[in-house]
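Chemist: Input: one structure, supplied below.
Each value in this text was obtained by applying a stated rule to the coordinates, not by laboratory testing. Note that the structure is a prediction, hence the values are computed from the model and not measured. Note that we place each Cβ from the backbone using ideal geometry, even for glycine, and neighbour counts take in every protein chain shown.
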C-alpha cells in the first residue's frame, strides 16, 4: 500500500486537518473520555462483496460492531474469514473489485478545540477521507517490507506524512519529530537514513508503528502486525505497542488469527467466520467461557503456556468457499455439535443472557432441545453462581 492510498497527496490544495502535539491531543482526549461508554467507531449492518451482479461473493455479511475510546477491540478468525476486508472497507481502503453493499460506519472525530463531529465513513468524500487518514485513523499493515517504499529512505517516508499533513513544520522540525517517533519504538535516529531492506523485520515493523503514530491518531488499526516475526520479536513489539497505547490513549483494532494472543491484549473480542460475526464477548469471558463451537476450536488450536500438556484438537476440515457457502450455519460441516437444524437455518447473532455477550449458534437458542455441552456453558468468570450443570 502506498502513502497516497492513505491520503498523502501533495497536490491537495484544500485545508488539511491540523493535529495537535501528542501532549495536547492526549489532554483533549482525556476530556472527551469523561463518558466511559463513548464510542469512537460504530459499524452497523455492514456488508462487503467482491464483484458485481450474480458473480458477486459476499465477504462481509451484515456485521455490527463498536469500539469505545482508548479500548482495544480484537477481531479473530482463520484466514479468509473477512477480518482484513472488514477494516479496509470501513476505512475505504478496499480496492476493486471490493464493494461496500450495505450498512454504515460512523467515526467520532475529536477536533482541536475538544469538540466532536461524526464522520460517515461510507459516504465521506475523498477529500474528507484524506484529512482523516493518518491524522485520526492510521493502519499498521501485515508486511512492513511491502508497506514501506523500498526505493526511498525511511526518513523520507516520515517526511511525506508530515509535509502533507503538517505543512507549517520546517524540515528540521520534521526530522526531529521523526527521530522522536523512532525513539518511542526503541530505534535510534540513524535508522532514518537507511533503506527498508537494510533493516530487520522487527525494525521495519517498529518503523510502521512509528509512522502510524506520526500524527497522534485517535484510532490505530493493527492488521496482524507480528506476522512472519519470530516469537521473541513478536513479544517485544506487542509489549512496546501496548505501552504506547497506555501512554497516549488511542483506541485500537487488533486483527489476528491467534485468539490466544487477543485474550491477553484486547478488552473485547469479536470472532468472524465466513464473513459473519459468530461471537462477541470480553476477552476474559471468551477465554474462560466460550459460547460458540468455532471459538472453542480456535482456543483449542493453541498450546497453553502453563499446566499439563494436552493433545491439541484443532478444527477439522477447512474454511468454506465464500462463493459456495453451506446452507444454514456456515460452520455446521465442521462443527462437532451440529444438529439437523444447523444445516437448514442460519442462526442470528443474539444475546446469550450475559451483559454484552452475543453468539450465533442454535445450541443457545433456548429451544434447541439438546443439552448444551459443558465446554460451551461454563459460567462467566465473574459469575457469582455457577450455571446449572457446571462442573467446578
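Chemist: Among rounded, prolate and oblate, which fits segment 325-365 when a ≥ b ≥ c are the square roots of the eigenvalues of its C-alpha gyration tensor, a/c under 1.5 means rounded, and a/b larger than b/c means prolate? Let's see the in-between values first.
Modeler: Details: a/c = 2.44, a/b = 2.11, b/c = 1.16.
Cα axes put segment 325-365 in the prolate bin.
Chemist: Distance from the Cα centre of segment 310-364 to that of segment 71-86, in angstrom?
Modeler: So the separation of the two Cα centres works out to 17 Å.
Chemist: Something else now. Sort 120, 223 so the one with the fewest other Cβ atoms within 10 Å of its own Cβ comes first.
Modeler: On the way: 120 11, 223 20.
Lowest count first: 120, 223.
Chemist: Looking only at segment 237-254, which residues have a backbone nitrogen under 16 Å from a spot 7 Å from the Cα of residue 194 in the C-beta direction?
Modeler: Only 237 fall inside the zone, counting backbone N under 16 Å.
Chemist: A further question follows. What distance in nm separates the two pseudo spin-label positions at residue 125 and residue 301, each 7 Å out from Cα along the beta-carbon direction?
Modeler: 4.4
Chemist: With springs only between Cα atoms under 10 Å, which of 99, 161, 72 fluctuates most in a Gaussian network model of the chain?
Modeler: 99
Chemist: Describe numerically, in nm with one decimal, the distance between label points set 7 Å from Cα along Cα→Cβ at residue 345 and at residue 54.
Modeler: 3.1
Chemist: For residue 156 and residue 267, what does the FRET efficiency come to when R0 = 45 Å and r is the distance between their Cβ atoms, rounded to the nearest 0.05?
Modeler: Values: r = 36 Å, r/R0 = 0.81.
So the FRET efficiency works out to roughly 0.80.
Chemist: Follow-up question, since we're still on this one. For a label point 7 angstrom out from the Cα of residue 38 toward its Cβ, which stretches of segment 243-267 have the backbone nitrogen within less than 15 Å?
Modeler: Under cut-off, by backbone N: 249-251.
Chemist: Could you check the spin-label model distance between residue 163 and residue 146? Points 7 Å from the Cα along Cα→Cβ, value in nm.
Modeler: My value for the distance between the label points is 2.7 nm.
Chemist: What's the exposure ranking of 341, 176, 167, going from fewest to most Cβ atoms within 10 Å? It would help to have the intermediate numbers written out before the result.
Modeler: Numbers: 341 18, 176 13, 167 9.
The most exposed by this proxy come first: 167, 176, 341.
Chemist: How much length is gained if the chain between residue 235 and residue 171 is pulled fully straight, taking 0.36 nm per residue apart and subtracting their Cα-Cα distance, in nm to one decimal? Mind dumping the intermediate values first?
Modeler: Values: separation 64, 0.36 × 64 = 23.04 nm, distance 3.46 nm.
Result for the pair: 19.6 nm of gain on full extension.
Chemist: In whole percent, what relative contact order does segment 104-209 give with Cα contacts below 8 Å and a gap of six or more residues? Kindly include the intermediate steps, with their values, before the conclusion.
Modeler: Details: 96 pairs, mean separation 26.9, N = 106.
For segment 104-209, the relative contact order is 25 percent.
Chemist: When a/c reaches 1.5 or more, the comparison of a/b and b/c decides; with that in mind, is segment 270-321 rounded, prolate or oblate per its Cα gyration tensor?
Modeler: Verdict is oblate for segment 270-321.
Chemist: May I ask for the distance between the Cα centers of segment 201-246 and segment 257-290, given as a whole number of Å?
Modeler: If you average the Cα positions of each part, the centres end up 20 Å apart.
Chemist: Tell me the relative contact order for the chain as a rounded percent, counting alpha carbon contacts under 8 Å between residues six or more apart. Each step should come with its number before you reach the end.
Modeler: Values: 696 pairs, mean separation 70.1, N = 392.
Reported as a whole number, the value is 18 percent.
Chemist: Another one. Among DSSP bridges having both ends in the chain, what percentage is antiparallel? Round to the nearest 5.
Modeler: Working: 31 of 50 bridges.
Taking every DSSP beta bridge with both residues in the chain, the antiparallel ones total about 60 percent.
Chemist: State the dimensionless ratio Rg/Rh of the chain (Rg: radius of gyration of Cα atoms; Rh: Kirkwood radius).
Modeler: Rg divided by Rh gives 0.98.
Chemist: Here's something else I'd like to know. Taking the chain as a Gaussian network, Cα atoms linked when under 10 Å apart, which of 339, 208, 272 shows the biggest mean-square fluctuation?
Modeler: Of 339, 208, 272, the Gaussian network model singles out 339 as fluctuating most.
Chemist: Which of 100, 152 has the fewest other C-beta atoms within 10 Å, and how do the rest follow up to the most? Intermediate results must be reported in sequence, preceding the final value.
Modeler: On the way: 100 19, 152 13.
Listing 100, 152 from fewest to most nearby Cβ atoms yields 152, 100.
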